[in-house]
Each structure stands twice: as structure tokens, then as C-alpha cells.
Amino acid sequence: MTAHQNGTISSEVSDFLLNCFIRSHTWQISLSLPLSLLFLLAMGANGILLITIRLEASLHEPMYYLLSILSLLDIVLCLTVIPKVLAIIWFDLKAISFYACFLQMYVMNCFLAMESCTFMIMAYDRYIAICHPLRYPSIITDQFVAKAAIFILARNVISTVPIPILSSRLHYCRRNVIENCICANMSVSRLSCNDVTINRLYQFAGGWTLLGSDLILIFVSYTLILRAVLRLKAEGAVTKALSTCGSHFILILFFSTILLVFVLTHVAKKKVSPDVPVLLNVLHHVIPAALNPIVYGVRTQEIKQGIQRLLKKGW
């Protein structure tokens, strides 16, 4: 394969070049500092949460197992995207092999869908805990968590497989420069010489079916929770429930909103700088991962006490 300076190649593509923030080179280094800090926060907070839940016997309960699943997903998503973005910004390591690109594409799509599914199951867990507290121990069991984990894995592993397969089967005969920091499906597919309508339709239909159905069920769960909470007589119980569930719901909305804004900026790409959807795509893989363990974990009294006990043992 012979590569030319303009990004065209004379034969079949064997690797790609990730061209980050093409119109904003000046603030690339400025962006790398908060991005690396968010990455360290996400890895550290999720790591501490996993260790705490693993070592503290009092946290060996279904709710905390679900939290562990969320932390694992966040760690994988961060590791799949952020180190490569930082390597591009700091060391100009833009090249990514053909197969590594499609592997990254699959992991991103699969794990984002798994995270959305986990949010939905956690919302159901809170719904049972608040609306049916007496039935909670018989419904939300270790077996429930095991079945939920299998469902999360099976649904999203299978449903997202066609995305990289459809893209990898395209004929990449000319260009190999991806105008993105990551191997996003449509950023890669549009480089091919083939019609990408099927890829576009599957990405759109799959995304809205999976994430859309999860969001609807989450919204229903929190609506029922809110209705049940407002009926409570004890003022302290209302405040506590609203504080906990409110922060969870806001975080889920943030997770969904940043994705929606990313989609809308892609649709209106003629009116928006190409760097905006690229930046949103990158941030979507690190900001929720940094916030999830804080909102779901550290604000939970039992986990806070577990971390304090582990720190005391460490000292």
C-alpha cells in the first residue's frame, strides 16, 4: 500500500489515521489536561468502588453488585477511548490498524449499550426498594443480579455485532483519514467507496431501539418512584428519597442528553464546527464514568463507611 500526503491511497486500506480536532489544533494541549484528570478520576473512583465492594462483606448485596457492573463498564469504556486520544494529542500517534479500529468500534457501541441497560436495571432496583420495600428481599436477589448480568451481556453483545461487521465489509479503496479521535461507525464508514445506507440505518435503528427503550423504562420507573415518595408522610424520608433518586435520574439524563446532542450536531453538521461532535463523543466516554461512582457510590452511606473502614485498615 502506498500512502500519499493528502490522505489518499493507491490500494486497499490496511490502517487508518485518526485526525483529532482538525480546526482547533491550538487548544488540543489545553484539552488534554482536563481530559487526563477526568480519566484519572474515572479510573481511580471506579477502582476504589470495586475494591470496597469486593472486600467489604456488608456490601455483598444485589444493589452493590449492580454498581460493580456499572463500574466495570465505565473502566472498559475509558480504557478503550481515552488513552488513544491522549496519545494522539501528546505524541501525534494517529495511526490505528484496520482490525484495532473495528474492535474499538465494537467495544464502544457494545459497552455504551450495556451501560444504558445497567441504568435501566438499577432504576428498577430503586423502584422495587421504594415502592415495594417488603417484597424487595424476595425480588432483588443474587439470582436476579446474575440473570440481569446475563441479559445485559447477551442483549448488547448480540445486537451490536452487526455494526463493526457491516463497516469492516465495506471497500476502503481511497481515503484512510478518519475525521475523529475515535473509530465511530459513521466516521469510518463514510471513507468507503460503497453505499453506507444500511450502516446508517442499522446504527440509527439499533441505537434508538436499545437506548430509547431503556430511557423510557427508566423514566417510567422514576415517575412511579416520585409518585410513591410524594405519598410518604415522614418528611425526612421524602427528602432522602428525592435526593438519592433525583441525583441518579439527573446523571442518567446527562448520559442520554450528551448522546442526543452528539446525534443532533451530526445531523446539523453544516451549521456546527466538525470539532463539536468529536469533542462530545470523547467526553461521553469519560464524564459519566467519572461521575457515576461519585453519585451512585460515594454518596451512598454504606459505601462511604466501607471506604472509611478500608482506609483505617490500610493505615
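Kindly sort 82, 75 by accessible area of their heavy atoms, largest first, with the probe set to 1.4 Å.
75, 82
Where in segment 193-224 is the amide nitrogen less than 13 Å from a point lying 7 Å along the Cα-to-Cβ axis of residue 159?
Backbone N within reach: 203-218.
Straight-line reach only, C-alpha to C-alpha below 12 angstrom: list the aspartates and glutamates that residue 84 could link to, leaving out same-chain residues fewer than 8 apart.
Answer for residue 84, where 12 Å is the Cα cut-off: 92, listed by chain and number.
Mind pulling the angle between the C-alpha long axis of helix 142-160 and the longest principal axis of the chain? Nearest 10 degrees, somewhere in 0 to 90.
20
How much mean residue ellipticity at 222 nm does the chain get from its helices, if each DSSP H run of length 4 or more adds -39500 (n - 2.57) and you divide by all residues, to the nearest 500 deg cm²/dmol?
-24000 deg cm²/dmol
Pairing the Cα long axis of helix 301-314 with the longest principal axis of the chain, what angle in degrees results, from 0 to 90 and rounded to the nearest 10?
Its long axis makes an angle of about 80 degrees.
Work out from phi, with θ = phi - 60° and the Karplus expression 6.51 cos²θ - 1.76 cosθ + 1.60, the ³J(HN,Hα) of each residue of segment 124-132, listed in order in whole Hz, and give x for Gly and Pro.
With coefficients 6.51, -1.76 and 1.60, one gets 5, 4, 5, 4, 5, 4, 8, 8, 9 Hz.
Among 206, 130, 107, pick out the residue whose Cα is farthest towards the positive end of the charge dipole of segment 97-240, where Lys and Arg carry +1 and Asp and Glu carry -1 on C-beta, about the Cα centre.
130
Give me the percent relative contact order of segment 148-246, please, defined on Cα pairs under 8 angstrom at least 6 residues apart.
Result for segment 148-246 is 19 percent.
Keeping every protein chain present and rolling a 1.4 Å probe, give me the accessible area per residue for the chain in Å².
Each residue of the chain exposes 51 Å² on average to a 1.4 Å probe.
Tell me the carbon and sulfur percent of the accessible area for segment 36-105, rounded to whole percent, probe radius 1.4 Å.
75
Would you mind working out the magnitude of the charge dipole of segment 37-150 relative to its Cα centre, with +1 at each Lys and Arg C-beta and -1 at each Asp and Glu C-beta, to the nearest 20 Debye?
I would put it at about 140 debye.
Please report, in debye to the nearest 20, how large the charge dipole of the chain is about its Cα centre when each Lys and Arg carries +1 at its beta carbon and each Asp and Glu carries -1 there.
Here the chain has a charge dipole of around 480 debye.
In straight Cα distance, which aspartates and glutamates are under 14 Å from residue 312, not counting same-chain residues fewer than 8 positions off?
Result set, ordered by chain and number: 56.
What ranking of 49, 93, 253 comes out by heavy-atom accessible area, probe 1.4 Å, highest first?
Most to least solvent-accessible, the answer reads 93, 253, 49.
Probe 1.4 Å, all protein chains in place: accessible area of residue 313 in Å², nearest 10?
150
Between residue 171 and residue 198, how many nm apart are label points set 7 Å from Cα along the C-beta direction?
1.4
Using a 1.4 angstrom probe on the protein heavy atoms only, line up 243, 30, 36 by accessible area, largest first.
Correct descending sequence by accessible area is 30, 243, 36.
Name the aspartates and glutamates eligible as straight-distance cross-link partners of residue 147: C-alpha to C-alpha under 20 Å, and not fewer than 8 places from it in the same chain.
Straight-distance partners of residue 147: 61, 115, 125, 214.
Please determine, in degrees from 0 to 90 and to the nearest 10, the orientation of helix 28-55 with respect to the longest principal axis defined by the Cα atoms of the chain, where the helix direction is its Cα long axis.
Between helix and principal axis, roughly 40 degrees.
The values are calculated or read from the model by the stated rules, or taken from the named source; none is laboratory data. Quick caveat: nothing in here was measured; it's all calculated off a predicted structure. FYI the Cβ positions are ideal-geometry reconstructions off the backbone, even for glycines, and counts take in every protein chain you see. Just so you know, the surface numbers come from the protein's heavy atoms only, side chains and all, with ligands and any DNA or RNA stripped out. Shrake-Rupley method; radii C 1.70, N 1.55, O 1.52, S 1.80 Å.
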